[in-house]
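Novice: The structure's right below; bear with me while I get my questions together.
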Amino acid sequence: MKRRLETLYLDLMKQTLAFTLWPEPPTPINTFSSAAPPLMRLLISVVSGILRFKQLQLVRERGYTLAQREEGHMWPGYAHTMIGLKRLDNLQLCVESVIREGIEGDLIETGVWRGGACIFMRAILAAYAIEDRKVYVADSFEGLPKPDVEKFPVDKGDRRYIQRFLAVSQDEVENNFKRYGLLDGQVVFLKGWLKDTLPHAPIEKLAVLRLDGVMYGSTMDALVNLYPKLSKGGFCIIDDYALPGCKRAVDDFITEKGIYSEMKVVDWTGRYWRKE
Ligand SMILES: C[S@@+](CC[C@H](N)C(=O)[O-])C[C@H]1O[C@@H](n2cnc3c(N)ncnc32)[C@H](O)[C@@H]1O
């Protein structure tokens, strides 16, 4: 079977970004220790510090199945995206559709972590030599916010803001783009809390709006500020519909705005619809 170069390149990009070509190596134990009890954190940091002198590392086998890794059902130690192959396929379907059908606008992800989904969007534009669309990369680059309980009571008790694993700096994300040769003027970083950056973002029109901010507040901030800019025929993709806070925000927004577009299932947590 003859396959086009674009398809081969994009298939390889998905597998590389999701790190599914290789078995998951053991992860340094301090990668996930920021949410551990203080005494355990201290112990891990002391032992890791001593071992580092001997160029040794304390690591943990994580034992994820290939299915869990392909479905983005875990926090990966090494992948550049945690969204898994089905949601990458869905992102490709959406971006290729707007290109093919000439739906106007740029592409954005709100909540990018190591940047893999945005890198993939830039790769799709590169594969089809599209030079008149940008990829917006919106994140605090310091992890999730503390819940704003007055404004978004649904987020009460959410402690993901202490998870250092979710805090990836802009430098690291830029470097990840560079590794694939995809950092250029078509990539625009919006650094800061979504509630602050999105209202003033220099975005006129969007063709693909991908939300991956986990919490009610982050999802709502993105929908309120960006959905009006999504072109008719553009795609709204929700990464975290399996999480109660995100689901409530999406359900509240579509009820309030009277959105009747059919919401389609991508996988255990991904959903998307086309704006009518
Ligand atoms: C689950 S990760 C995103 C995963 C990513 N889309 C991928 O491809 O692997 C969530 C990200 O959302 C960001 N985030 C969540 N709420 C935010 C907010 N209100 N403002 C800015 N960044 C936020 C976090 O910093 C984190 O990088």
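Novice: Of the residues Ile99, Ile83, only one is within 12 Å of the ligand (Cβ to nearest atom), open to solvent by less than 70 Å² (accessible area, probe 1.4 Å) and not charged (D, E, K, R); which?
Specialist: After applying the criteria, what remains is Ile83.
Novice: Somewhere in the stretch 32-41, is a residue in contact (Cβ under 8 Å) with a residue 24 or more places away in the chain and under 22 Å from Ala242 (Cβ atoms)?
Specialist: Yes, because at least one residue in the stretch 32-41 is in contact (Cβ under 8 Å) with a residue 24 or more places away in the chain and under 22 Å from Ala242 (Cβ atoms).
Novice: Also, quick follow-up: Which of the residues spanning the stretch 109-140 are assigned to a loop (DSSP other than H, G, I, E, B) and within 10 Å of the ligand (Cβ to nearest atom)?
Specialist: Those that are assigned to a loop (DSSP other than H, G, I, E, B) and within 10 Å of the ligand (Cβ to nearest atom): Gly111, Val112, Trp113, Arg114, Gly115, Ser140.
Novice: Here's another thing I want to ask about it. Condition check: of a type in the set (A, V, I, L, M, F, W, C) and over 23 Å from Trp273 (Cα atoms). Does Leu58 satisfy that?
Specialist: It is true that Leu58 is of a type in the set (A, V, I, L, M, F, W, C) and over 23 Å from Trp273 (Cα atoms).
Novice: Do we find that Gln68 is under 20 Å from the mean Cα position of the chain (by Cα) and within 14 Å of the ligand (Cβ to nearest atom) in this structure?
Specialist: It is false that Gln68 is under 20 Å from the mean Cα position of the chain (by Cα) and within 14 Å of the ligand (Cβ to nearest atom).
Novice: All but one of (1) open to solvent by 20 Å² or more (accessible area, probe 1.4 Å); (2) touching a helix residue (DSSP H, G or I) at 6+ places or on another chain (Cβ under 8 Å); (3) free of Cβ contacts under 8 Å to residues at least 60 places away in the same chain; (4) within 11 Å of the ligand (Cβ to nearest atom) hold for Tyr216, so report the exception by its number.
Specialist: It is condition (3) that Tyr216 fails.
Novice: Could you tell me which numbered condition Gln55 fails, if it satisfies all but one of (1) under 30 Å from Gly213 (Cβ atoms); (2) at pLDDT 90 or above?
Specialist: Gln55 satisfies every listed condition except (1).
Novice: Of all the residues that make up the stretch 1-45, how many are over 30 Å from Tyr180 (Cα atoms) and small (Gly, Ala, Ser)?
Specialist: 3
Novice: Would you point out the residue of the stretch 44-65, among those that are closer than 23 Å to Ser169 by Cα and of a type in the set (Ser, Thr, Tyr), that is least open to solvent (accessible area, probe 1.4 Å)?
Specialist: Among those that are closer than 23 Å to Ser169 by Cα and of a type in the set (Ser, Thr, Tyr), it is Ser48.
Novice: Could you tell me whether any residue of the stretch 246-264 is among the small types (Gly, Ala, Ser), in contact with an Asp or Glu (Cβ under 6 Å, 6 or more places away or on another chain), more than 19 Å from Ile83 (Cα to Cα) and surrounded by fewer than 16 Cβ atoms within 10 Å (Cβ to Cβ)?
Specialist: Yes, because at least one residue in the stretch 246-264 is among the small types (Gly, Ala, Ser), in contact with an Asp or Glu (Cβ under 6 Å, 6 or more places away or on another chain), more than 19 Å from Ile83 (Cα to Cα) and surrounded by fewer than 16 Cβ atoms within 10 Å (Cβ to Cβ).
Novice: Quick one: how many residues across the stretch 141-161 are more than 11 Å from the ligand (Cβ to nearest atom) and surrounded by 14 or more Cβ atoms within 10 Å (Cβ to Cβ)?
Specialist: The number of residues fulfilling the criteria is 1.
Novice: Anything in the stretch 187-209 that is open to solvent by less than 80 Å² (accessible area, probe 1.4 Å) and in contact with an Asp or Glu (Cβ under 7 Å, 6 or more places away or on another chain)? List them, or say none.
Specialist: Leu194, Leu198, Ile203, Leu206, Ala207, listed by residue number.
Novice: Any residue that is in contact with a Phe, Trp or Tyr (Cβ under 8 Å, 6 or more places away or on another chain), farther than 24 Å from Asn175 by Cα and not small (Gly, Ala, Ser) - is there at least one of those in the stretch 66-89?
Specialist: Yes, the stretch 66-89 has at least one match.
Novice: Tell me which of these Arg122 doesn't satisfy, since it passes every other one: (1) without any contact (Cβ under 8 Å) to a residue 12 or more places away in the chain; (2) open to solvent by less than 20 Å² (accessible area, probe 1.4 Å).
Specialist: (1) is the only condition that Arg122 fails.
The values are calculated or read from the model by the stated rules, or taken from the named source; none is laboratory data. Computed from a predicted model, the values in this text were never measured in an experiment. For neighbour counting, all protein chains shown are included, and Cβ atoms are generated from backbone atoms with ideal geometry for every residue, glycine included. Side chains included, ligands, DNA and RNA excluded: accessible areas come from the protein's heavy atoms. Shrake-Rupley method; radii C 1.70, N 1.55, O 1.52, S 1.80 Å.
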